[in-house]
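The values are calculated or read from the model by the stated rules, or taken from the named source; none is laboratory data. Quantities reported herein were computed from a predicted structural model and do not represent experimental measurements. Here Cβ is always computed from backbone atoms with ideal geometry, including for glycine, and neighbour counts include all displayed protein chains.
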Amino acid sequence: MKFVAVTACITGIAHTYMAQAALEQAAKKLGHEMVVETQGSAGTNPMKQEIIDAADGVIFAVDLGVKGRERFAGKPFVELGVAKVIGGDKGVNVLNDLIAAIEAGSAPLVAGSAPVAAKEEPKAEKPAGEKKKGFFGGLFG
Amino acid sequence: MVIVGLEATDKADATRQLAERLVAAGRVTDIETYLVAVAKREEHFPTGIEGGIAIPHAQSEAVVIPSVAVATSTTGVDFGAEDGKSNLIFLIAAPANGGSEHLEILGTLAYKVMDEDFRNELLNEKDPAVIAATLTREVQK
């Protein structure tokens, strides 16, 4: 199955990205696809509407409101605190529970109506080289 | 900014020892201001995570440059993880108004920490310089 997720934490520095890793690992382990949008201090990497449209379910692992929540309207979803997917088998359990709820038809749906078409192309990610240029001896200098 | 074999009475002590390294490196100006911010974030929910990791962090005006200090500890420090003490501790410091690309590096680090092989590589290494080099290499990928 195909899943999308949004992760966001209060400071937007660490848990946002740890949750991203945890959800990607969970999907890999269970043999599903997972695309994660991180809404952190470093900014948001909005995923394409096509990816959302193709998803079977949505995970909001957030301590804050989801930016652009309407993009996910109509999708079965689960919403929980960012820490609830990090560590041990938490991510796997959350994904399994969502799958079970989708299959049972008991998963709630994201409210609102989805945008018909994405009018704005998401901002392209900067190439990794450019992104990190000039940073090191950064962290450990 | 790497401590191998950290001995600390509790997480406040561990955080302080790591923060002292950041101060010594000129990356944090006022240790008390920064530590209050870290403690406040820990109160929200502790940063210990299953698998022996802790990732205390804060954004603060006392931070000059986005930085990370790392400790390995054989005795471990209680950071509130469900499965016991943390043996690998990353203290992340972000400026109040951080440039997003630097914050992105911190996010990359948080993401990488979820990789068990990466964690073991760091835990088994006794040379602080090698630990710093390993982290730098991984977040640059």
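Being in a helix (DSSP H, G or I), surrounded by fewer than 20 Cβ atoms within 10 Å (Cβ to Cβ) and within 9 Å of chain A (Cβ to nearest Cβ) is the filter here, so list the residues in region B:38-74 that pass it.
Matches in region B:38-74: B:H44 only.
In region B:115-132, what residues are surrounded by 14 or more Cβ atoms within 10 Å (Cβ to Cβ), within 12 Å of another protein chain (Cβ to nearest Cβ) and within 16 Å of the chain's Cα centre (by Cα)?
Passing the criteria: B:F118, B:R119, B:P128, B:I131, B:A132.
Output yes when any residue across region B:109-120 is among the basic types (K, R), at pLDDT below 95 and in contact with an Asp or Glu (Cβ under 9 Å, 6 or more places away or on another chain), and no when none is.
Yes - at least one qualifying residue is present in region B:109-120.
So if I check each of B:R27, B:R16, B:R41, which one is touching a Ser or Thr at 6+ places or on another chain (Cβ under 8 Å) and more than 22 Å from A:A22 (Cα to Cα)?
After ruling out the rest, the residue left standing is B:R27.
Are there any pairs with C-beta distances below 8 angstrom linking a residue in region B:53-75 that is among the acidic types (D, E) to a residue that is in a loop (DSSP other than H, G, I, E, B) and surrounded by fewer than 21 Cβ atoms within 10 Å (Cβ to Cβ), with the two at least 6 apart or on different chains, and if so which?
Listed pairs, sorted by first residue: B:E61/B:A96.
Return the total of residues in region A:1-59 being of a type in the set (V, I, T) and farther than 16 Å from A:V78 by Cα.
Residues in region A:1-59 being of a type in the set (V, I, T) and farther than 16 Å from A:V78 by Cα: 7 in total.
Is it fair to say B:R137 is in contact with a strand residue (DSSP E or B) (Cβ under 7 Å, 6 or more places away or on another chain), more than 9 Å from every other protein chain (Cβ to nearest Cβ) and in a helix (DSSP H, G or I)?
no
Looking at (1) within 11 Å of chain A (Cβ to nearest Cβ); (2) on the phi > 0 side of the Ramachandran plot, which is the one condition that is false for B:L103?
(2)
Can you confirm whether region A:67-76 contains a residue that is among the aromatic types (F, W, Y), modelled with pLDDT under 95 and surrounded by 17 or more Cβ atoms within 10 Å (Cβ to Cβ)?
no
Residues are listed down the side, and each one gets a yes or a no for (1) in contact (Cβ under 8 Å) with a residue 60 or more places away in the chain; (2) over 24 Å from A:K28 (Cα atoms):
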{"position": "B:N87", "(1), (2)": "no, yes"}
{"position": "B:A94", "(1), (2)": "no, yes"}
{"position": "B:Y111", "(1), (2)": "no, no"}
{"position": "B:E116", "(1), (2)": "yes, no"}
{"position": "B:L123", "(1), (2)": "yes, yes"}
{"position": "B:K126", "(1), (2)": "yes, yes"}
